[in-house]
Amino acid sequence: MDGIDIGSLVRDDAIHQSVYTDPKIFDLEVERIFRRVWIYIGHESEVKEPGDFQSLDLFGQPIVMVRQRDQSIKVLFNRCGHRGAKVVNEPCGNAHTFRCCYHGWAFKLDGALAGVPQREDYPADVDLDDPARGMPSLPRVANYRGFVFASFSPTGQSLAEWLGPATMGIDELIACSPEEKIDLSGGVHRYRYRGNWKHQFENLADTYHPNAAHDSTVDEDGMQFKRRPGSTGGRAPFYDKDGMPLVSKIGVWAFPNGHTSEGSMFSSVSQTGGVWEEYRAALAARHGAEKADDILKQKRHSLTIYPSVDILIAQHAVRIVRPIAADLTEVLVYPVRMVGAPPQVFRDIVKYLNITHSAGSFVQTDDLEAFRRCQIGQSAEGSPWCLIARGHRSDVTDNNGVMHGDRASEIGQRNQHKVWLSLMNVR
Ligand code: FES
Ligand SMILES: [Fe+2]
């Protein structure tokens with residue numbers, strides 16, 4: 001890019017702070033990362049019936065996801081083929097056809113032009129059947145077990161290739177349903193923060209920060225996790241017998257294509273108590289007692305699929321991260337209803353997310369404050385490098401190309417920035 005040497009901004013163990021603050025770099029990220037790779041659009045349970053739609057904005061592009069009459073799901077550019085007005089204005093709903101508010105052109109659920117008022121006034125050489133007069137589909141749309149992704153690029157890796165072994169996060173979340181079916185139509189927490197999208201992504205692989213950033217939760221007086229679903233009392237242990245923070249010992253995994261995962265503090269503790277015993281019985285009826293116990297152990301805190309969505313396995317939620325500008329990001333957190341589990345389990349999950357991940361929570365707000373301070377501090381002159389060196393050169397790779405960093409390694413951040421650099425370097 002004119003005047004910017006992208007390769008000089010990412011070192012093995014440090015990042016130049018301009019990658020968070022420079023609007024020109026943000027524009028290039030949209031072009032070379034977000035418009036090139038697979039982006040999570042939404043879950044099929046949000047559009048259950050033919051005509052159900054969800055509209056959204058992706059990097060300045062209006063988009064609509066819509067269930068078709070044949071049950072397939074399409075992802076369309078939300079643009080009228082007449083003079084370009086945004087057609088679907090509601091965030092969600094159900095429609096037989098989409099009608100543009102301006103001159104009344106109508107479109108079928110697949111985006112094809114369905115009706116033009118006073119059509120006879122167009123000259124014969126204007127082809128209104130040209131697909132360009134409709135609402136075009138994004139070049140590629142694919143679905144992994146109900147998670148709908150799309151790509152603005154007609155070429156590139158398939159969704160299966162892009163996700164690779166990171167599909168295990170989605171599989172583990174779905175396994176939590178006694179019917180192996182999940183539903184994301186139960187509401188959403190939605191908020192924006194004045195910081196770069198990479199702050200949130202790095203944070204999702206950061207087991208180093210909780211003891212400082214979330215001390216109101218994890219210190220001696222911290223009580224938030226007492227309300228973990230299924231808990232009947234007491235506080236989850238946050239330190240081992242030597243006083244070492246447990247969260248800093250759980251480890252981080254780095255998958256191909258920038259995906260990351262954190263271990264769980266609760267991996268050896270199967271959730272018990274109250275309605276969770278009924279839930280356990282429903283899982284055991286399908287899988288047997290041993291596997292039900294294993295599912296309830298939450299081996300993984302989350303699995304973050306670069307660069308658009310985080311599967312929160314421990315909290316039973318899905319978090320979307322949508323960049324808007326270099327210093328503005330939108331986050332949406334959906335509680336997951338595990339189909340076949342007692343209804344109280346979903347209510348517990350919503351309550352827990354209110355405490356941990358809502359805009360008024362005790363936990364996520366700590367992170368949002370840190371992201372804001374990063375954004376401000378990274379404008380300071382003097383020393384422009386941000387260090388991501390924890391555990392560097394002690395990472396271990398398994399046969400699937402998945403790397404593991406012990407303790408509070410910054411392997412996840414290094415993995416994200418390595419992929420960032422490789423995508424940004426391709427014109
Ligand atoms: S802009 Fe949509 S009908 Fe004219
Ligand atoms: Fe955090």
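Throughout, read-outs are computed from the coordinates displayed, never taken from laboratory work. Note that the structure is predicted; figures quoted are calculated from it, not measured. FYI the Cβ positions are ideal-geometry reconstructions off the backbone, even for glycines, and counts take in every protein chain you see.
Order these peptides, 136-147, 10-21, 203-214, by their mean beta-carbon neighbour count within 10 angstrom, highest first.
Working: 136-147: 16.9, 10-21: 18.8, 203-214: 20.8.
Packing proxy ranking, top to bottom: 203-214, 10-21, 136-147.
Find the relative contact order for region 57-131 and round it to a whole percent, using C-alpha pairs within less than 8 Å whose residues are 6+ positions apart. Write down the numbers at each step before the final one.
On the way: 91 pairs, mean separation 14.1, N = 75.
Reported relative contact order: 19 percent.
Among the listed pairs Lys74/Lys108; Lys48/Lys297; Lys249/Lys418; Lys108/Lys181, which are separated by more than 19 Å between their Cα atoms?
Numbers: Lys74/Lys108 11 Å; Lys48/Lys297 31 Å; Lys249/Lys418 24 Å; Lys108/Lys181 29 Å.
Lys48/Lys297; Lys249/Lys418; Lys108/Lys181, as the Cα separations exceed 19 Å there.
In percent, how large is the relative contact order of the chain, given Cα pairs closer than 8 Å and 6 or more residues apart? Walk me through the numbers on the way to the answer.
Values: 867 pairs, mean separation 89.7, N = 427.
Relative contact order comes out at 21 percent.
Local charge sum around Ala285 (other residues, Cβ-Cβ under 12 Å, Lys/Arg +1, Asp/Glu -1)?
On the way: positive: Arg280, Arg286, Lys291; negative: Glu179, Glu278.
Combined, the nearby Lys, Arg, Asp and Glu give +1.
Can you check what the net charge comes to around Arg300, using other residues whose Cβ is under 13 Å from the Cβ of Arg300 (Lys, Arg +1; Asp, Glu -1)?
On the way: positive: Lys297, Lys299; negative: Asp171, Glu172, Glu262, Asp294, Asp310.
Combined, the nearby Lys, Arg, Asp and Glu give -3.
Say R0 is 51 Å: what FRET efficiency, to the nearest 0.05, do Arg427 and Tyr191 get from their beta-carbon distance? Each step should come with its number before you reach the end.
Details: r = 35 Å, r/R0 = 0.68.
Efficiency computed from Cβ-Cβ geometry: 0.90.
How do the peptides 124-130, 373-379 rank, highest first, by the average count of neighbouring beta carbon atoms within 10 Å per residue? Don't skip to the answer; put the middle values down first.
Working: 124-130: 8.7, 373-379: 15.7.
Going by the mean number of other Cβ atoms within 10 Å, highest first, we get 373-379, 124-130.
Restricting to DSSP H runs of at least four residues, report the calculated mean residue ellipticity at 222 nm for the chain, -39500 (n - 2.57) per run over all residues, nearest 500 deg cm²/dmol. Mind dumping the intermediate values first?
Numbers: 12 runs with 102 residues, N = 427.
For the chain, the value works out to -6500 deg cm²/dmol.
What does the charge count around Gly258 come to, taking other residues whose C-beta lies under 13 Å from its C-beta (Lys +1, Arg +1, Asp -1, Glu -1)?
After counting each charged neighbour, the total is +1.
Under 8 Å for C-alpha pairs, at least 6 residues apart: give me the relative contact order for region 2-72, rounded to a whole percent.
Working: 51 pairs, mean separation 13.0, N = 71.
Relative contact order for region 2-72 comes out at 18 percent.
If I measure Cβ to Cβ between cysteines in the chain, which ones have no partner under 4.7 Å?
Cysteines of the chain left without a disulfide-compatible partner: Cys92, Cys101, Cys176, Cys374, Cys386.
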